[in-house]
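Asker: Here it is, the structure in full.
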Amino acid sequence: VDKANLDIVVEVAEDPVELIKKTFDKLHEWKPDVLAIWNINFDIPYILKQLEKYKADPKMYLCDPVVPYEYRLCKYKEGPTKKVTASGQQKPLNPALQWHTLELTASFYVLDAMCVYKRLRMAKQEEPSYALNAILDKELGIRKLSFTEAEQYSGLKWHQVMQQDFKLEYIVYNIFDAYSMQELENKTKDLSFSM
């Protein structure tokens, strides 16, 4: 990406459904080839749960609005989370090997950048972690933003506290997340070239 032409778009919304709609409307306007999400199995189920909570039809909010409703598809399919060994024993599958899919009527394909990163390096030694922090540190020597005010929280609770109590910081965090993934792509060329 040309850093000089990197436009940051910030949307303000009254509730999660409106924010989801604005986000996907912008994606449908831009029509990228790929919507890459690191660890898609966190974000997409959360988005779908929010739509369900507000009794909002995902086809109305995620699919391309130019497609007639009867032809829209919005279905999330989790990939396998376990593998069965030759002896019949079940072992957990590394999240970076779980290929989850969002089948979506859109001009873009939604994929997990973490899984792409892992799959393109299958012949290499297993990374200790495929978390975005770990890969950013390995590839670029940077880490995701953190805030001392919320360091006692983790996972979903961290995001909830940041959204509720540290709105501006959370916006900066999200912008940096997107920017850091683009910087990672600029180095690895996983999505633009290798895949």
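The values are calculated or read from the model by the stated rules, or taken from the named source; none is laboratory data. The model shown is predicted, which means the values in this text are computed figures rather than measured ones. Reconstructed Cβ throughout: ideal geometry from the backbone, glycine too, with neighbour counts over all protein chains shown. For the accessible areas, the whole protein counts, side chains as well, though only heavy atoms, and no ligand, DNA or RNA atoms are used. Shrake-Rupley method; radii C 1.70, N 1.55, O 1.52, S 1.80 Å.
Asker: Which of the residues spanning the stretch 141-150 are open to solvent by less than 60 Å² (accessible area, probe 1.4 Å) and either touching a residue at least 40 places away in the same chain (Cβ under 8 Å) or part of a helix (DSSP H, G or I) (or both)?
Answerer: Ile142, Ala150
Asker: Still on this model: List the pairs whose first member sits in the stretch 168-186 and is in a helix (DSSP H, G or I), whose second member is among the aromatic types (Phe, Trp, Tyr), and whose Cβ atoms are under 6 Å apart, counting only residues at least 6 apart or on separate chains?
Answerer: Close Cβ pairs (under 6 Å, with a partner that is among the aromatic types (Phe, Trp, Tyr)) amount to Glu169/Phe147.
Asker: Would you mind finding the one in Asp33, Asp15, Asp7 that is in contact with a Phe, Trp or Tyr (Cβ under 8 Å, 6 or more places away or on another chain) and open to solvent by 80 Å² or more (accessible area, probe 1.4 Å)?
Answerer: Only one candidate qualifies: Asp33.
Asker: Take the conditions within 18 Å of Glu14 (Cα to Cα), open to solvent by 80 Å² or more (accessible area, probe 1.4 Å), in contact with a Pro (Cβ under 9 Å, 6 or more places away or on another chain) and charged (D, E, K, R) and apply them to Lys53. Does it pass?
Answerer: Details: within 18 Å of Glu14 (Cα to Cα): yes; open to solvent by 80 Å² or more (accessible area, probe 1.4 Å): yes; in contact with a Pro (Cβ under 9 Å, 6 or more places away or on another chain): yes; charged (D, E, K, R): yes.
Yes; evaluated as a whole, the condition is true for this residue.
Asker: Of all residues being hydrophobic (A, V, I, L, M, F, W, C) and in a strand (DSSP E or B) in the stretch 102-114, which is nearest to Ser194 (Cα to Cα)? Just the residue, please.
Answerer: Applying the filter and picking the extreme gives Leu111.
Asker: Only one of Tyr117, Tyr130, Tyr153 is surrounded by 13 or more Cβ atoms within 10 Å (Cβ to Cβ) and in a helix (DSSP H, G or I). Can you tell me which?
Answerer: Details: Tyr130 fails: in a helix (DSSP H, G or I); Tyr153 fails: in a helix (DSSP H, G or I).
Every option except Tyr117 fails the conditions.
Asker: Quick check, is Lys91 within 21 Å of Asn39 (Cα to Cα), modelled with pLDDT under 95 and loosely packed, with under 14 Cβ neighbours inside 10 Å? I'd like the intermediate steps shown before the answer.
Answerer: Values: within 21 Å of Asn39 (Cα to Cα): yes; modelled with pLDDT under 95: yes; loosely packed, with under 14 Cβ neighbours inside 10 Å: yes.
Spelling it out, Lys91 is indeed within 21 Å of Asn39 (Cα to Cα), modelled with pLDDT under 95 and loosely packed, with under 14 Cβ neighbours inside 10 Å.
Asker: Look at Glu103 and say whether it is open to solvent by less than 70 Å² (accessible area, probe 1.4 Å) and either basic (Lys, Arg) or within 17 Å of the chain's Cα centre (by Cα) (or both).
Answerer: Numbers: open to solvent by less than 70 Å² (accessible area, probe 1.4 Å): yes; either basic (Lys, Arg) or within 17 Å of the chain's Cα centre (by Cα) (or both): yes.
It is true that Glu103 is open to solvent by less than 70 Å² (accessible area, probe 1.4 Å) and either basic (Lys, Arg) or within 17 Å of the chain's Cα centre (by Cα) (or both).
Asker: Can you spot a residue in the stretch 160-176 that is at pLDDT below 95, open to solvent by 60 Å² or more (accessible area, probe 1.4 Å) and closer than 30 Å to Arg72 by Cα?
Answerer: Checked against the condition, which is being at pLDDT below 95, open to solvent by 60 Å² or more (accessible area, probe 1.4 Å) and closer than 30 Å to Arg72 by Cα, the stretch 160-176 yields at least one hit.
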